[in-house]
Amino acid sequence: DGSDIYDDVNEVTSDKVKQQSAPTPSESNTPKLDEFLSLIDNHNTAVLSTVDNDKNAHGAVIHYMFENGIFYMVTKAQTYKAKNMRNHPQVSLTIHAPNGLKTTQISGLAEQEYDSEIKDKVFNTISAPKQYTEGAHLPPIMSLKKGEVVIFRITPIDIQYQDYSKNNW
């Protein structure tokens, strides 16, 4: 349907994902890639979908950081999402423009991040106070008491982007 950002996504394997940060975008999708990057750069929250051991879906709103083709998130070790990602690394992210018609769905593989420099950068970026409708607050994950803070990286293996304000769907 033309919403794919990457043209070689069907040939991506978990080994390929580990070797590179993300599939190479095709030149014909450059405008769409620019729109996708604008959407994710201008937002910092997404819905993360995971699967538990009983194959039940679990969704949670998260704050993310995007850098070098990788999404990063902060959570606590004992949350459902952390447990689910350790057991089933296949996840999806949904990012949309509030009150807008642009949306992206990202399928990816989640892995816990252990590099201390990356962890510090992600934690400092995500844990900073944010402006909400209710005022400035720390992200909700900072208030949870479910174990130690852990950082996960999500490497995209499939990206769908759509601007429903355009009559191209």
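The figures follow:
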item	result
Selection count, segment 131-169, where residues are modelled with pLDDT under 90, open to solvent by 30 Å² or more (accessible area, probe 1.4 Å) and within 19 Å of the chain's Cα centre (by Cα)	2
Boolean, Ser28 is small (Gly, Ala, Ser), buried (at least 17 other Cβ atoms within 10 Å of the Cβ) and either at pLDDT below 95 or touching a Leu at 6+ places or on another chain (Cβ under 8 Å) (or both)	no
Members of segment 101-121 that are assigned to a loop (DSSP other than H, G, I, E, B), open to solvent by 40 Å² or more (accessible area, probe 1.4 Å) and not aromatic (Phe, Trp, Tyr)	Leu101, Asp115
Residues (assigned to a loop (DSSP other than H, G, I, E, B), touching a strand residue (DSSP E or B) at 6+ places or on another chain (Cβ under 9 Å) and closer than 22 Å to Asp41 by Cβ) located in segment 151-169	Tyr164, Ser165
Test: residue in segment 122-129 that is at pLDDT 95 or above, surrounded by 14 or more Cβ atoms within 10 Å (Cβ to Cβ) and among the small types (Gly, Ala, Ser)	no
Unmet criterion (only one of (1) in contact with a Leu (Cβ under 7 Å, 6 or more places away or on another chain); (2) closer than 20 Å to Asp34 by Cβ) for Thr155	(2)
Every pair of residues 6+ apart whose Cβ atoms lie under 7 Å, when the first sits in segment 102-130 and is more than 11 Å from Met65 (Cβ to Cβ) while the second is hydroxyl-bearing (Ser, Thr, Tyr) and exposed (fewer than 13 other Cβ atoms within 10 Å of the Cβ)	Leu109/Ser14
Boolean, Glu148 is within 22 Å of Asp41 (Cβ to Cβ) and either in contact with a Lys or Arg (Cβ under 9 Å, 6 or more places away or on another chain) or without any contact (Cβ under 8 Å) to a residue 40 or more places away in the chain (or both)	no
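The values are calculated or read from the model by the stated rules, or taken from the named source; none is laboratory data. Just so it is clear, the model here is predicted, and its values are computed rather than measured. For neighbour counting, all protein chains shown are included, and Cβ atoms are generated from backbone atoms with ideal geometry for every residue, glycine included. SASA here: full protein model, heavy atoms, side chains in, ligands and nucleic acids out. Shrake-Rupley method; radii C 1.70, N 1.55, O 1.52, S 1.80 Å.
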